[in-house]
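Novice: Provided herewith is a single structure, encoded as structure tokens, for subsequent inquiry.
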Amino acid sequence: MLTQSNSNSTPKIISLITGGAGFLGSHLTDYLLAKGHSVIAIDNLVTGSTANISHLVGNPNFKFIKQDITEFIYLDGPVDFVWHFASPASPIDYLELPIQTLKVGSLGTHKALGLAKHKKARILMASTSEIYGDPLVHPQPESYWGNVNTIGPRGCYDEAKRFAEALVMAYHREHQVDTRIVRIFNTYGPRMRLNDGRVVPSFIGSALQDQPVTVYGDGSQTRSFCYVSDLIEGIYRLMMSNTHLPVNIGNPREISMLGFANAIIKAIGSKSSIVYTPLPKDDPKLRQPDITLARQLLNWEPKISLEEGMERTIAFFKNLVEKGAEIPKT
Ligand code: UDP
């Protein structure tokens with residue numbers, strides 16, 4: 001698994017990250033560089049941004065390749081680990097980019113698996129709690145098969161990820177590729193885009209400018225938010241473990257969207273009011289990870305409280321806004 005570097009005799013671990021300029025991909029890049037890996041990040045910058053990796057310019061252990069991974073990935077030299085993160089991931093993004101979302105989940109996953117097979121690398125695929133759809137089992141364990149509307153607005157993302165999981169397992173069974181699947185639940189933290197439409201930037205962006213905070217539906221739907229550093233640690237442990245079956249990584253603390261809106265308004269000391277607009281179609285009513293497996297297999301559980309994580313995230317967005325970033329109208 002270890003690869004000799006060209007320049008000296010120190011073994012270098014080479015990691016390839018698809019979606020390496022995205023929110024999670026860029027945090028993973030930083031984490032792996034700190035662990036001593038050489039990192040190659042591939043991203044077509046449709047939803048990722050070079051701003052997330054600009055601090056790595058000139059780092060001899062980092063290389064960025066701008067490419068759409070639905071096209072053939074040609075890479076010279078060895079690769080030890082493939083971390084497959086490329087995909088639009090915000091409902092607003094994948095509603096705008098349904099075909100790209102389906103293509104990256106299917107064709108992109110095929111290319112990433114083909115590369116891993118060719119390089120004899122271990123590959124981890126970023127799956128999602130969305131594969132459980134609007135769940136009828138709560139909290140969601142990995143054994144739950146889900147409740148997804150294939151033809152609804154979220155179908156492009158949910159089914160792409162479900163197909164991707166099936167393709168990963170096919171490569172594992174048919175070609176003995178060393179695979180991992182992580183099911184990622186709602187994650188937040190610095191480097192989310194202010195305008196990506198997800199609830200964290202949306203609520204914080206509005207509250208920072210004392211604009212009404214828009215709650216969809218009556219706000220009784222729940223989510224469970226994991227701070228990004230906790231998530232990355234769990235994902236790293238999964239890659240280094242020996243389990244090829246899917247593992248949920250997320251924070252089990254569950255909160256209603258109305259409760260979350262109030263908490264953010266309070267944390268910012270904002271004068272924002274709350275306004276209600278209709279719940280988008282197929283918006284899951286409940287979501288909470290069952291992380292029993294992650295606890296048992298990876299000895300992992302989240303450490304950052306929602307309060308602490310929100311404080312860091314609010315500070316990040318505040319800084320962006322003070323530097324003149326435009327806050328989208330909700
Ligand atoms: N939501 C909301 N106001 C917003 C954005 C989102 O009330 O401005 C709600 C949305 O309906 C969902 C939850 O917040 O119930 C989380 O939405 P997000 O887009 O972050 O991701 P999801 O978990 O639905 O994929």
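Novice: Rounded to two decimals, what ratio of Rg to Rh does segment 257-330 give with C-alpha atoms and a Kirkwood Rh?
Specialist: Rg/Rh for segment 257-330 comes to 1.05.
Novice: Also, quick follow-up: Over what distance in Å are the Cα centres of segment 54-85 and segment 284-304 separated?
Specialist: When both Cα centres are located, 30 Å separates them.
Novice: Also, I was wondering about something else. Hey, could you get me the Stokes-Einstein D for segment 7-131, Kirkwood radius over alpha-carbon pairs, 4 °C and 1.567 mPa s, rounded to whole µm² s⁻¹?
Specialist: So the translational diffusion coefficient is about 88 µm²/s.
Novice: Let me ask something additional. When DSSP beta bridges are limited to those with both residues in the chain, what percentage is antiparallel, rounded to the nearest 5?
Specialist: Beta bridges within the chain, antiparallel portion: roughly 10 percent.
Novice: Just to compare against my own numbers: the Cα pair-distance distribution for segment 192-303, 5 Å bins, whole % per bin, please.
Specialist: 2, 11, 18, 19, 17, 13, 10, 7, 3, 1
Novice: Principal axes first, then extents: for the Cα atoms of the chain, list largest minus smallest coordinate on each axis, whole Å, largest first.
Specialist: 59, 43, 37
Novice: Let me ask another. With point charges of +1 on the Cβ of Lys and Arg and -1 on the Cβ of Asp and Glu, referenced to the Cα centre of the chain, which listed residue (V168, L208, I151) lies farthest in the positive direction of the dipole?
Specialist: V168
Novice: Something else: Wrap a convex hull around the Cα atoms of segment 57-112, take a quarter of its surface area, and give that in square nanometres.
Specialist: Averaged projected hull area, Cα only: 5.0 nm².
Novice: While we're here: Along each of its three principal axes, how wide is the spread of alpha-carbon positions in segment 170-229, in whole angstrom units, largest first?
Specialist: 55, 26, 18
Novice: Bin width 10 Å, alpha-carbon pairs only: give the P(r) of segment 101-190 as whole percents, running from 0 to the bin holding the largest distance.
Specialist: Per 10 Å bin, starting at zero, the Cα-Cα P(r) for segment 101-190 comes out as 17, 45, 30, 8, 0 percent.
Novice: Between 0 and 90 degrees, rounded to the nearest ten: what's the tilt of helix 228-240 against the longest Cα principal axis of the chain?
Specialist: 30 degrees
Novice: So, one more: In sequence order, what are the phi-derived ³J(HN,Hα) couplings for segment 213-220 according to the Karplus relation 6.51 cos²θ - 1.76 cosθ + 1.60 with θ = phi - 60°, rounded to whole Hz, with x for glycine and proline?
Specialist: Residue by residue, segment 213-220 yields 8, 8, 9, 7, x, 8, x, 7 Hz.
Novice: Distance between the C-alpha centers of segment 202-226 and segment 252-280? Whole Å please.
Specialist: That distance is 4 Å.
Novice: Given labels modelled 7 Å from the Cα in the Cβ direction, how far is it in nm from I99 to M240?
Specialist: 4.3 nm
Novice: Once fully extended, how much extra length lies between A51 and L297, figured as 0.36 nm per residue of separation less the alpha-carbon to alpha-carbon distance? Don't jump to the answer; show the numbers that get you there.
Specialist: Numbers: separation 246, 0.36 × 246 = 88.56 nm, distance 3.51 nm.
Full-extension gain reported as 85.0 nm.
Novice: Moving on. Could you work out the equivalent-ellipsoid semi-axes for segment 72-226, taking the square root of 5 times each eigenvalue of the Cα gyration tensor, largest first, in whole Å?
Specialist: Calculated on Cα positions only, the semi-axes equal 31, 18, 14 Å.
Novice: Here is a further query. Measuring with a 1.4 Å probe in the full set of protein chains, what accessible area per residue, in whole Å², belongs to segment 196-330?
Specialist: It amounts to 47 Å² per residue over segment 196-330.
Novice: Further, regarding this structure: Might you report the magnitude of the Cβ-based charge dipole of segment 171-330 about its Cα centre, with Lys and Arg at +1 and Asp and Glu at -1, to the nearest 20 debye? Provide the component values of the computation, followed by the final result.
Specialist: Details: 20 positive and 17 negative charges, 19 e Å.
Around 100 debye, computed over segment 171-330.
Novice: A follow-up question, please. How about segment 93-177: which chymotrypsin sites (Phe, Trp or Tyr not before Pro) there lie in a loop by DSSP and see at most 13 other Cβ atoms within 10 Å?
Specialist: Here the sparse-neighbourhood loop sites are W145.
Novice: For segment 125-167, I need the span (max minus min coordinate) of the C-alpha atoms along each principal axis, in Å, sorted largest to smallest.
Specialist: 23, 23, 13
Novice: Please check the chain for the longest run free of GluC sites (Glu not before Pro) that are loop-located per DSSP (anything but H, G, I, E, B) and have at most 12 other Cβ atoms within 10 Å. Walk me through the intermediate numbers first.
Specialist: Working: sites that count: E71, E326.
Answer from the scan: 72-325.
Novice: Given a 1.4 angstrom probe, I'd like the percentage of the accessible area of the chain that is carbon and sulfur, rounded to a whole number.
Specialist: The computed percentage sits at 54.
Novice: Relative to the longest principal Cα axis of the chain, at what angle does helix 109-119 sit, 0 to 90 degrees, rounded to 10?
Specialist: 30 degrees
The values are calculated or read from the model by the stated rules, or taken from the named source; none is laboratory data. Keep in mind that what you see is a predicted model, and the values were worked out from it rather than measured. For neighbour counting, all protein chains shown are included, and Cβ atoms are generated from backbone atoms with ideal geometry for every residue, glycine included. To get the accessible areas, we keep the full protein, side chains included, count just its heavy atoms, and leave off ligands, DNA and RNA. Shrake-Rupley method; radii C 1.70, N 1.55, O 1.52, S 1.80 Å.
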